[in-house]
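The values are calculated or read from the model by the stated rules, or taken from the named source; none is laboratory data. All values reported here derive from a predicted model rather than from experimental measurement. Methodologically, a virtual Cβ is constructed for each residue, glycine included, from the backbone with ideal geometry; neighbour enumeration extends over all protein chains shown. Quick note on the areas: whole protein, heavy atoms, side chains included, nothing else; ligands and nucleic acids left out. Shrake-Rupley method; radii C 1.70, N 1.55, O 1.52, S 1.80 Å.
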Amino acid sequence: MATRLLRTNFIRRPYRFSALSPVGPPTVTASTAAVPEIISFGQQAPEPPLHHPKPNEAHHDIDLSDQARLFSSVPTSELLRSTAVLHAAAIGPMVDLGTWVMSSKLMDTSVTRGMVLGLVKGTFYDHFCAGEDADAAAQRVRSVYEATGLKGMLVYGVEHADDAASCDDNMHQFIRTIEAAKSLPTSHFSSVVVKITAICPISLLKRVSDLLRWEYKRPNFKLSWKLKSFPVFSDSSPLYHTNTEPEPLTAEEERELEAAHARIQDICRKCQESNVPLLIDAEDTILQPAIDYMAYSSAIMFNADKDRPIVYNTIQAYLRDAGERLHLAVKEAEKENVPMGFKLVRGAYMSSEARLADSLGCKSPVHDTIQDTHACYNNCMTFLMEKASNGSGFGVVLATHNADSGGLASQKASELGIDKQNGKIEFAQLYGMSDALSFGLKRAGFNVSKYMPFGPVETAIPYLLRRAYENRGMMATGANDRQLMRMELKRRLIAGIA
């Protein structure tokens, strides 16, 4: 079986918020459009001054300036560990050393391997991951909610599978994840997350995406196997991946596609029976058309409750066509009277998207500047909030580490008279990151969730390395969190001595 947990090929491929540009006055390009600041591997950027929002700034009722209130629910021991882990993850040479160790022959020796994994488990793993199996993750969700009021998104940490047997195994793990979520009080969790790449072979997703692109280019080109779905392209969508007519799916490939549909439908059915929302994660543009197609076809089948969707698709705002595709999908969903859920993110895979487009002599599908990405995110956010506020069955998950977007959403919620607790709109951040924003949004009355992956320590290492690179690249938010934590530790130390 060929299942890859949390992308074991991380070191060879750039991931979310990875930063590759040199230090200095940043030139924000398509490959870095979703990265708040740009720093190089192997070098630690200086901590920027701590930013204290003023009353007239656009954070509105989200107060990120009072660290004592923000971290009041966090025990000192946990705050100390979190501060240490985040600072370590922000040191370039340490991240590079960790990357080297994990790919070196040291991991081939049982003694050194055990020592390394033990160190990782007690530090980075416990900070960024929820446990080694679904039951442990559910218990972590429970403890986090009881301590902080933050909900959990359960994420089984498998990303890719290359054969049918692995896809079947992953499907059963996702169903076990749903059962673990169902065992919790509904107040404690918000959703489970699935990657289509874990239940459908990558090679098949590429083939289906090629055929969908060709159908969009040539409307007379028909796909006999295609299920009813919503639009997955707009006039500005990148189509350069498919320059010649693809071969039709073979009989074997059609059977594999039917099996993949059956897997996602089994997962959706379990979510529907358990009343557990399902968030479908996004990938890069070479695969995304097939993922959107499967997500929307599943939503048509399973989003029967007119008040609350079960299936959510993900929109990546760093893509130029994100706004247009979102509007087209919403328009079609409204026409078909299908409630729809959307998770809005800024995006991932900036560098790989830029490299692929450049290799084909095409313009990157990613916005030219970070400002364009922010503007697209905020426009999509406003559009979705307006839809969710008008009594329709739309649900919105605003996945962001950006305090300005959080403040804008808070203002918009007030303007629209949105009930912050009705489940139509919620925020999400990665577990172990942007805790100040999470606590601030929670104190402002919003539902806030943490994206909580779980899986064995050894298989979580690639995910942990990505978190380290993210933390180093997201200096604007990450540095603010670290400084707030230091200030709170200092305050508690002085209070203890006094």
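Could you please find all residues in the range 269-309 being of a type in the set (Gly, Ala, Ser) and part of a loop (DSSP other than H, G, I, E, B)? Within the range 269-309, 282, 304 qualify. Being aromatic (Phe, Trp, Tyr) and out of contact with any Ser or Thr (no Cβ under 8 Å at 6 or more places or on another chain): is that true of residue 240 here? So residue 240 fits the description; yes.
Just one of the listed residues (392, 410) is modelled with pLDDT under 95, surrounded by fewer than 19 Cβ atoms within 10 Å (Cβ to Cβ) and closer than 24 Å to residue 151 by Cβ, and it is 392. Hey, does the range 417-424 have a residue that's within 21 Å of residue 65 (Cα to Cα) and within 19 Å of the chain's Cα centre (by Cα)? No: the range 417-424 contains no residue that is within 21 Å of residue 65 (Cα to Cα) and within 19 Å of the chain's Cα centre (by Cα). Only one entry of 101, 111 meets the criterion of being in a helix (DSSP H, G or I), farther than 24 Å from residue 482 by Cα, over 24 Å from the mean Cα position of the chain (by Cα) and in contact (Cβ under 8 Å) with a residue 12 or more places away in the chain, and that entry is 101. Scanning the range 257-290 for residues being touching a strand residue (DSSP E or B) at 6+ places or on another chain (Cβ under 9 Å) and closer than 21 Å to residue 224 by Cβ gives a total of 1. Of all positions in the range 227-249, none carries a residue that is of a type in the set (Phe, Trp, Tyr) and open to solvent by 40 Å² or more (accessible area, probe 1.4 Å). Taking into account only those residues within the range 108-142 that are modelled with pLDDT under 95, of a type in the set (Val, Ile, Thr) and farther than 20 Å from residue 89 by Cα, which is most open to solvent (accessible area, probe 1.4 Å)? Among those residues, the one meeting the criterion is 111. For first residues located in the range 425-436 and farther than 22 Å from residue 412 by Cα, partners that are open to solvent by less than 10 Å² (accessible area, probe 1.4 Å) and basic (Lys, Arg) and lie 6+ apart or on another chain with Cβ distances below 6 Å form the pairs 431/450. Tell me, which residue of the range 168-195 that is touching a Ser or Thr at 6+ places or on another chain (Cβ under 8 Å) and not in a strand (DSSP E or B) is farthest from residue 427 (Cα to Cα)? Among residues in the range 168-195 that are touching a Ser or Thr at 6+ places or on another chain (Cβ under 8 Å) and not in a strand (DSSP E or B), the one farthest from residue 427 (Cα to Cα) is 169. Can you tell me which residue is most open to solvent (accessible area, probe 1.4 Å) among those in the range 370-389 that are of a type in the set (S, T, N, Q) and within 24 Å of residue 425 (Cβ to Cβ)? Per the stated criteria, the residue is 379.
Listed here are the residues, each with its yes/no results for (1) polar (S, T, N, Q); (2) open to solvent by 30 Å² or more (accessible area, probe 1.4 Å); (3) under 25 Å from residue 418 (Cα atoms).
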position	(1), (2), (3)
332	no, yes, yes
342	no, no, yes
352	yes, no, no
359	yes, yes, no
368	no, yes, no
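For residue 219, indicate whether it is part of a loop (DSSP other than H, G, I, E, B), of a type outside the set (Gly, Ala, Ser) and open to solvent by 60 Å² or more (accessible area, probe 1.4 Å). Spelling it out, residue 219 is indeed part of a loop (DSSP other than H, G, I, E, B), of a type outside the set (Gly, Ala, Ser) and open to solvent by 60 Å² or more (accessible area, probe 1.4 Å).
Results for (1) in contact (Cβ under 8 Å) with a residue 60 or more places away in the chain; (2) of a type in the set (S, T, N, Q), shown as yes or no for each residue.
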position	(1), (2)
244	no, yes
247	no, no
293	yes, no
298	no, yes
306	yes, no
324	yes, no
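Across the range 70-92, the number of residues qualifying as small (Gly, Ala, Ser) and surrounded by 18 or more Cβ atoms within 10 Å (Cβ to Cβ) comes to 4. All told, residue 266 falls short of being surrounded by fewer than 24 Cβ atoms within 10 Å (Cβ to Cβ), within 14 Å of residue 206 (Cβ to Cβ) and within 23 Å of the chain's Cα centre (by Cα). Scanning the range 283-308 for residues that are out of contact with any Asp or Glu (no Cβ under 8 Å at 6 or more places or on another chain), open to solvent by less than 20 Å² (accessible area, probe 1.4 Å) and modelled with pLDDT under 95 yields one hit, 283. Candidates 82, 73, 77: the one that is in a helix (DSSP H, G or I), modelled with pLDDT of 80 or more, in contact with a helix residue (DSSP H, G or I) (Cβ under 8 Å, 6 or more places away or on another chain) and among the hydroxyl-bearing types (Ser, Thr, Tyr) is 82. The set of residues in the range 143-199 being open to solvent by less than 10 Å² (accessible area, probe 1.4 Å), over 20 Å from residue 275 (Cβ atoms) and of a type in the set (A, V, I, L, M, F, W, C) consists of 150, 158, 161, 167, 196, 198, 199. Considering 228, 270, the condition of being more than 26 Å from residue 451 (Cβ to Cβ), charged (D, E, K, R) and either at pLDDT below 95 or in contact with a helix residue (DSSP H, G or I) (Cβ under 6 Å, 6 or more places away or on another chain) (or both) is satisfied by 228 alone.
I'd like to know if the range 316-335 contains one or more residues that are touching a His at 6+ places or on another chain (Cβ under 8 Å) and of a type outside the set (D, E, K, R). Looking through the range 316-335, at least one residue is touching a His at 6+ places or on another chain (Cβ under 8 Å) and of a type outside the set (D, E, K, R). The single condition from (1) touching a Ser or Thr at 6+ places or on another chain (Cβ under 6 Å); (2) open to solvent by less than 50 Å² (accessible area, probe 1.4 Å) that residue 315 fails is (1).
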